[in-house]
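One structure is given here, and the rest of the page talks about it.
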Amino acid sequence: MKKVKLGNTDIMVSPVGFGVLTVGATQLNMPVSDGAALIKYALSKGINFFDTAQYYETYPYLREGLKDVDITSANPSRPVICSKCLDSTYEDMDYAVKEALRELNTDVIDIFLLHEIRSEEDFRWRDGALQCLRDYKAKGVITAIGLSTHHIDVTLLAADEPDIEVVFPLINYAGLGIRHYDNPGTADDMAHAIAACHRAGKGVFTMKAFGGGNLTGNYVKALEYVRNLEGVDSIMVGIGDFDQIDRLVEFAEGTLDENYVPDISRKKMFVEPGNCIVCGACARRCPNNAITMGTYMAEIDHSICLTCGYCAPACPVRALIML
């Protein structure tokens, strides 16, 4: 598979990447051997870009899946690994970087991000963590520094921040989960922010092309929308089985049937614990009263859930996913 340059970095990535969150405990909760087999298969098919995070607890899947590959700095053609940390202090980020190096059995992490920045204030609050990443980059332990976000305002901020080399924003054609300050945002406005990052030389890879799985029924439309945006270098997709890898590779290589529609009949709605703000919007929208508000997150009764997806657009923070 042809590789593309990630912005002004020297990092070459496949135009589609493997989001490792999906195989982990908070989503499909696969045995490590099963998730690792998917990672190994994806690499054999030409996907060289893998996204994980400290919060996901998915390092064991990558370590096992890539155990037969040299992922250290000695291999200039190593698979590209991106990790992220939610913490704000120098000390916590230092722990996160060392943890990633140890758990992945490597001496380098190609991309390390400030995870899920929600505002300029949040970005400034994490200056200690950012300084830690600067120091690790100076030592050659990290190749590129960046941030992930669901926010248009933060994506625009990243375009003007010299330390931010890579941006990982949320975008999909329906605008599911996009935020602008404290309000819902639009796909068009996020697309403009991504283009601004690109013009500033930032590498851009995107998340949630399928809106947390809710747009999977429009598979080709969803991926084509993101691929055709100005400035998108790669599309990160959560992977859960071998067929998904095959179809994603076909899309990247231009051989996928333009009329392809995946079977989503066995998928279910889930709530992402780290994102839910217990606002009740999903419960109010559910036509079958399948959603109730728990103490810490919304809860779905799968015995009566229609898997209609009506709840997902009502969620202001993209906490509802279909798997």
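The values are calculated or read from the model by the stated rules, or taken from the named source; none is laboratory data. The shown structure was predicted, so the numbers you read here are calculated from the model rather than taken from an experiment. Quick reminder, even Gly has a Cβ in these numbers, built from the backbone with ideal geometry, and neighbours come from all protein chains shown. Remember, those area values only see protein heavy atoms, side chains included, never the ligands or the DNA or RNA. Shrake-Rupley method; radii C 1.70, N 1.55, O 1.52, S 1.80 Å.
For this structure, a couple of remarks:
- Residue within the range 67-88 that is open to solvent by 40 Å² or more (accessible area, probe 1.4 Å) and under 11 Å from A129 (Cβ atoms) present: yes
- Residue check: T292 meets all listed conditions (1) at pLDDT 95 or above; (2) in contact with a strand residue (DSSP E or B) (Cβ under 9 Å, 6 or more places away or on another chain); (3) assigned to a loop (DSSP other than H, G, I, E, B) but one, namely (3).
- All conditions but one from (1) assigned to a loop (DSSP other than H, G, I, E, B); (2) closer than 20 Å to S14 by Cα apply to Y61; the one that does not is (1).
- Pick from the range 217-230, criterion open to solvent by 20 Å² or more (accessible area, probe 1.4 Å) and in contact with a strand residue (DSSP E or B) (Cβ under 9 Å, 6 or more places away or on another chain), ranking: farthest from D153 (Cα to Cα): R227
- Flag for R126 being modelled with pLDDT of 95 or more, buried (at least 18 other Cβ atoms within 10 Å of the Cβ) and among the charged types (D, E, K, R): yes
- For the condition within 29 Å of T149 (Cβ to Cβ), surrounded by fewer than 20 Cβ atoms within 10 Å (Cβ to Cβ), without any contact (Cβ under 8 Å) to a residue 24 or more places away in the chain and aromatic (F, W, Y), Y296 qualifies.
- Output for the range 6-44, where each listed residue is hydroxyl-bearing (S, T, Y), open to solvent by 10 Å² or more (accessible area, probe 1.4 Å) and either touching a strand residue (DSSP E or B) at 6+ places or on another chain (Cβ under 7 Å) or not in a helix (DSSP H, G or I) (or both): T9, T22, T26
- Residues satisfying the stated conditions in the range 237-256, i.e. surrounded by 18 or more Cβ atoms within 10 Å (Cβ to Cβ) and aromatic (F, W, Y): F251
- Of the numbered criteria (1) surrounded by 19 or more Cβ atoms within 10 Å (Cβ to Cβ); (2) at pLDDT below 95; (3) on the phi < 0 side of the Ramachandran plot, the one I164 fails is (2).
- In the range 210-218, the condition of being of a type outside the set (A, V, I, L, M, F, W, C) and touching a helix residue (DSSP H, G or I) at 6+ places or on another chain (Cβ under 6 Å) is met by at least one residue.
- For the range 199-206, the condition of being within 22 Å of C315 (Cα to Cα), open to solvent by less than 50 Å² (accessible area, probe 1.4 Å) and not in a strand (DSSP E or B) holds for none of the residues.
- Unique residue being out of contact with any strand residue (DSSP E or B) (no Cβ under 6 Å at 6 or more places or on another chain) and open to solvent by 60 Å² or more (accessible area, probe 1.4 Å) when the list is N275, N259: N259
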